[in-house]
1. Taking amide H atoms as placed 1.01 Å from N in the peptide plane, list the residues 5 or more away in sequence, or in a different chain, whose amide H sits under 5 Å from that of B:Arg140.
2. From the backbone phi of segment B:106-120, what are the Karplus-calculated ³J(HN,Hα) couplings (6.51 cos²θ - 1.76 cosθ + 1.60, θ = phi - 60°) in whole Hz, Gly and Pro given as x?
3. Let's see if you can work this out: charge +1 on each Lys and Arg Cβ, -1 on each Asp and Glu Cβ, no other charges. What is the dipole magnitude of segment B:4-268 about its Cα centre, in debye to the nearest 20?
4. Which listed residue (B:Trp246, B:Gly108, B:Ile76) has the Cα farthest towards the positive end of the charge dipole for segment B:4-268, taking +1 on Lys and Arg C-beta and -1 on Asp and Glu C-beta about the Cα centre?
5. Could you state the orientation-averaged shadow area of the convex hull built on the Cα atoms of segment A:4-230, in nm² to one decimal?
6. Cα to Cα, under 16 Å, and not fewer than 8 places away if on the same chain: which aspartates and glutamates meet these conditions relative to A:Lys176?
7. With the crude spin-label approximation of a point 7 Å out along Cα→Cβ, what separation in nm comes out for A:Ala191 versus B:Asp58?
8. Once B and A are treated as a pair rather than alone, how much accessible area drops out, both sides summed, in Å² to 100, probe 1.4 Å?
Amino acid sequence: MSLIEVRDLRRTFRVRRRDDVVAVHDVSFDIEPGEMVGYIGPNGAGKSTTIKMLTGILVPTSGHLRVAGVDPSKRRTALASRIGVVFGQRTTLWWDLPLRDSFELLQKIYRIPPARYRQNLDRFLELLDLGDLLDTPVRQLSLGQRMRGDITAALLHDPEILYLDEPTIGLDVVSKGRLREFLRALNAERATTLLLTTHDLQDIEALCDRVMVIDHGSLVFDGALTQLQARGGSSRTLVVDLVDERPAIEVPGAVTVRVDGPRQWLTFPADASAAPIVSAVAAGYDVADLSIQEPDIEDVIRELYAGR
Amino acid sequence: MNGPGSLYVAIATRAFRRYSTYTGATVAGIFTNSVFGVISSFVLIAVWRANPDAGGYDTTDVVTYVWLGQAMIMTIALWGGGAPADLAARIKSGDVALDFYRPVGILGWYLAADVGRSAFHLLSRGLVPTLVGGLLFDLRYPSGPWVWMAFAASLPLALLVSFAIRFLLAMTAFWILDDQGATLLASAAAVFFSGLTVPLVLFPGWFGDLVRVLPWASYLQVPADVWLGQRSGWSAVAGLGLQAGWAAILLGACALLLRVAERRVVVQGG
């Protein structure tokens with residue numbers, strides 16, 4: 001049995017008296033323990049609605065849903081102690097009180113044994129570099145510090161599953177990097193299952209082996225990241241800088257898609273070798289410089305979104 | 001200790017500490033309560049000079065009533081605010097969803113927080129202005145241990161009734177986007193019907209009979225009458241019973257409405 005089992009999950013919202021909007025449309029997937037899964041899609045695609053159903057604060061309209069063997073909306077309180085939830089744009093911390101107080105309250109809420117609590121807190125403070133901030137009121141923390149505080153808060157009770165909704169939103173490059181490093185370490189150390197929604201594809205590239213893409217409520221892709229790159233990214237691009245301006249280059253196996261002065265762009269299938277094309281270009285033309293652009297995952301996803 | 005009781009104690013302690021960090025606001029508030037206590041005292045002393053035993057109160061009773069009123073304003077958050085105001089803000093921002101994720105009842109959580117807040121306000125905004133009033137005016141104090149005990153029971157009951165009304169009001173934010181109108185109306189109703197401006201004992205006839213059994217009578221009139229000895233023996237018991245009855249009904253309504261709100265969020269998606 002998978003840790004998360006989703007079959008034909010559907011959720012509709014009644015907007016006006018007779019208008020039903022299908023936010024999640026017959027979505028099915030399984031997530032195994034220890035997986036790190038990226039869940040991406042444009043705004044309004046149904047990501048948050050899915051997460052809400054997985055955590056039990058939204059009842060599905062139809063379909064089958066089991067998280068850690070239970071139906072989330074029926075056993076929300078029981079499930080609460082087995083999951084952690086982090087929202088990039090919301091906080092569970094108490095605004096006017098030092099970070100320490102929020103953590104101590106969480107210990108009581110989840111009845112974490114004192115020894116385990118100490119151990120977890122020490123480890124997270126060290127990994128997230130929060131030790132000096134324990135006595136700082138939350139309102140005085142920077143966004144990055146607050147986010148690290150929220151992640152600690154979500155993990156103190158040793159959840160098996162951690163849902164992260166845009167955890168890196170608004171963070172600077174250094175903070176993002178540190179957060180990703182932490183999540184990787186968490187997964188490696190404790191085999192915590194991560195389900196991550198984000199608009200930042202670098203989060204996905206850094207963390208997730210598996211990606212699910214949702215658009216207009218339907219899953220349009222579920223598979224390995226490399227597969228996603230290969231699939232949509234059907235072509236690579238050879239950028240050629242010629243010595244002189246010339247008409248479009250003609251070589252077998254590639255198509256010139258753009259000419260701008262002495263610079264030309266040639267595309268060729270991603271699974272084809274670049275070597276014969278490069279030799280053909282070099283043999284037939286005076287080349288000043290060459291470079292190859294790999295398929296950009298952003299383009300891949302844009303194609304997926306546009307494909308519907 | 002790791003039981004559920006200790007959680008609520010921890011929440012109340014944190015709420016107490018949170019309010020104790022606002023030192024400037026506390027000092028300013030104590031000053032304001034004291035000034036208004038002095039003004040109201042002189043106004044009502046003038047009224048009572050013209051009408052010496054109005055409502056069964058003598059001048060000492062009514063001046064004491066004024067200072068008790070000042071002490072109750074923040075202790076029971078008479079005209080609004082406190083933990084339920086935090087809930088209303090969390091409903092509006094959507095953060096309340098996170099409250100639903102926790103394995104803790106929302107009503108108990110906010111009640112514990114409001115009790116902690118109230119304890120801080122009792123010691124600061126309640127006790128200190130009363131001491132000021134005692135220095136400036138001749139006040140009446142409970143006449144014996146039974147009266148003290150009855151007052152000690154009446155005070156938390158007043159808080160429970162006020163909390164329940166504020167919590168009900170906060171929950172309207174689940175249905176209406178802007179609760180400012182309702183909050184203002186509720187605040188005005190609380191000020192008038194609690195007897196903060198004019199003691200409820202002054203209202204004659206059926207209107208007087210009515211306002212003295214409305215939930216707001218639990219805020220100030222009942223605790224003050226217990227303190228002053230206007231209610232003693234069975235009359236004091238009846239007063240406490242009125243408070244307890246309203247507290248039970250209104251907290252029951254809170255629990256019920258919270259379930260409806262939760263269903264709305266969970267089933268209909270908010």
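1. For B:Arg140, the qualifying residues are B:Thr64.
2. 5, 4, x, 4, 5, 5, 4, 5, 6, 5, x, 4, 4, 4, 5
3. Details: 16 positive and 13 negative charges, 127 e Å.
Result for segment B:4-268 is approximately 620 debye, rounded to the nearest 20.
4. So the residue furthest toward the plus end is B:Gly108.
5. Values: hull surface 51.7 nm².
Over every viewing direction, the Cα hull of segment A:4-230 projects on average to 12.9 nm².
6. Those aspartates and glutamates meeting the cut-off are A:Asp129, A:Asp150, A:Asp165, A:Glu166, A:Asp200, A:Asp203, A:Glu205.
7. 8.1 nm
8. Numbers: alone 13340 and 15490 Å², together 26140 Å².
Adding both sides of the contact gives about 2700 Å².
The values are calculated or read from the model by the stated rules, or taken from the named source; none is laboratory data. Predicted model, so just to flag it, every value in this text is computed and none were measured. Here Cβ is always computed from backbone atoms with ideal geometry, including for glycine, and neighbour counts include all displayed protein chains. Areas reflect the complete protein model, heavy atoms only, side chains present, ligands, DNA and RNA absent. Shrake-Rupley method; radii C 1.70, N 1.55, O 1.52, S 1.80 Å.
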